[in-house]
1. Restricted to segment 371-386, and to residues that are in contact (Cβ under 8 Å) with a residue 24 or more places away in the chain and not in a loop (DSSP other than H, G, I, E, B), which residue is surrounded by the fewest Cβ atoms within 10 Å (Cβ to Cβ)?
2. Which one of these is closer than 30 Å to residue 351 by Cβ, in the same structural domain as residue 234 (by TED's automatic domain parsing) and modelled with pLDDT under 95: 205, 174, 155?
3. Checking the condition modelled with pLDDT of 95 or more and farther than 16 Å from residue 231 by Cα, which residue from 339, 322, 307 passes?
4. Could you grab me the full set of residues in segment 194-235 that are touching a strand residue (DSSP E or B) at 6+ places or on another chain (Cβ under 9 Å) and closer than 21 Å to residue 303 by Cα?
5. Test of understanding: among 77, 154, which residue is loosely packed, with under 13 Cβ neighbours inside 10 Å, over 30 Å from residue 298 (Cα atoms) and without any contact (Cβ under 8 Å) to a residue 40 or more places away in the chain?
6. Check off (1) farther than 24 Å from residue 301 by Cβ; (2) in contact (Cβ under 8 Å) with a residue 24 or more places away in the chain; (3) out of contact with any strand residue (DSSP E or B) (no Cβ under 7 Å at 6 or more places or on another chain) for residue 64 and give me the number that stays unchecked.
7. Please specify each residue of segment 142-173 satisfying the condition of being under 22 Å from residue 264 (Cα atoms) and in contact with a strand residue (DSSP E or B) (Cβ under 6 Å, 6 or more places away or on another chain).
8. Which number in (1) part of a helix (DSSP H, G or I); (2) crowded, with 20+ Cβ neighbours inside 10 Å marks the one condition that residue 122 misses?
């Protein structure tokens, strides 16, 4: 079949809830992918940061195939011989004590919400059904009904009500608003250290630390959604580490599955996770031996191959180059590590049109909203590949 036939087949039988660029991919290696016609592209999206280790990393594929031949699923009705080692590695990497594994990032957020509410009732003494969780405007934490209930993006909510109560939205990067929003019924503050889907918005220096301190002062859990920013993406292992903040709960996903399998988790203290008891929460696939084997390999690659440091260095290089672009319509280049947003002022071209033009130059990236392009290549990218990419970005945008 040719590319058009593949696209027509998908559009005919699939719900049209995405608007992909017109390219049909069939193979990937490192930072590169190939379409069904044999054309080679650089992937500068990394499946929204799920491919920090690069496409088809041999150690992850080996972990996948070795485990797939032995045992893939037991459910949590039984122990398996892979989950414990994975949880040990994950908790020690996070500087935490316990973890609760799930599958998708949205499931991780849902788990954190349930944990915070139950902690509020059992530990803080909030009256039943009165717990509040503070979130930030323009957040993106997933697509479930509860999660979109605290989104402020109209497109995510239209036609999906009624919505789950119990959430208070405040402006991002606004300490005064956080202080004002806290009440005796506040169980948690849920925040992305960098707002990715909103357009790679980086808060002011000191924001996360001040927010953490306010939470501690008021006996409120500080929950960091590092699903997209975690595991080296921003040039630190976790973005909170830029301000030496250790959250009460990490929500993790995406790169935790190495780009080959959905793996997510919340990671916290034994005291906080003690609110879960047998039967109170679960997942048939969460913590399965295949996911555990892949997750363990995914973490080891980030640590052993120094991908966090590479992200920091290559991010500085790419950011510096992007800031030399002479396009008068560029409003700002911002980000940390290899999570970079390029925002345009309103003019006659949309970010989507720039992405379509970049595709013709064999660079794959994606717009977020109408005016922002997100550049987030796999963390294995090297200097020559950064230069190769920028030459084409400059041709299209500069």
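The values are calculated or read from the model by the stated rules, or taken from the named source; none is laboratory data. Quantities reported herein were computed from a predicted structural model and do not represent experimental measurements. So basically every Cβ, Gly included, is an ideal-geometry build from the backbone, and we count neighbours across all protein chains shown.
1. Here is the first cut: in segment 371-386, the ones in contact (Cβ under 8 Å) with a residue 24 or more places away in the chain are 371-383, 385-386.
The next check asks that each one be not in a loop (DSSP other than H, G, I, E, B); those that pass are 372-375, 383, 385-386.
Details: 372: 21, 373: 26, 374: 25, 375: 26, 383: 12, 385: 18, 386: 21.
Once the filter is applied, the top-ranked residue is 383.
2. That would be 155, the only listed residue that is closer than 30 Å to residue 351 by Cβ, in the same structural domain as residue 234 (by TED's automatic domain parsing) and modelled with pLDDT under 95.
3. Numbers: 339 fails: farther than 16 Å from residue 231 by Cα; 307 fails: farther than 16 Å from residue 231 by Cα.
322 is the lone residue from the list that is modelled with pLDDT of 95 or more and farther than 16 Å from residue 231 by Cα.
4. Within segment 194-235, 224, 225, 226, 227, 228, 229, 230, 231, 233, 234, 235 meet the criteria.
5. Working: 77 fails: over 30 Å from residue 298 (Cα atoms).
None of the other options fit; the residue is 154.
6. So the condition that residue 64 fails would be (1).
7. Scanning segment 142-173 gives a single hit, 150.
8. Every listed condition holds for residue 122 apart from (2).
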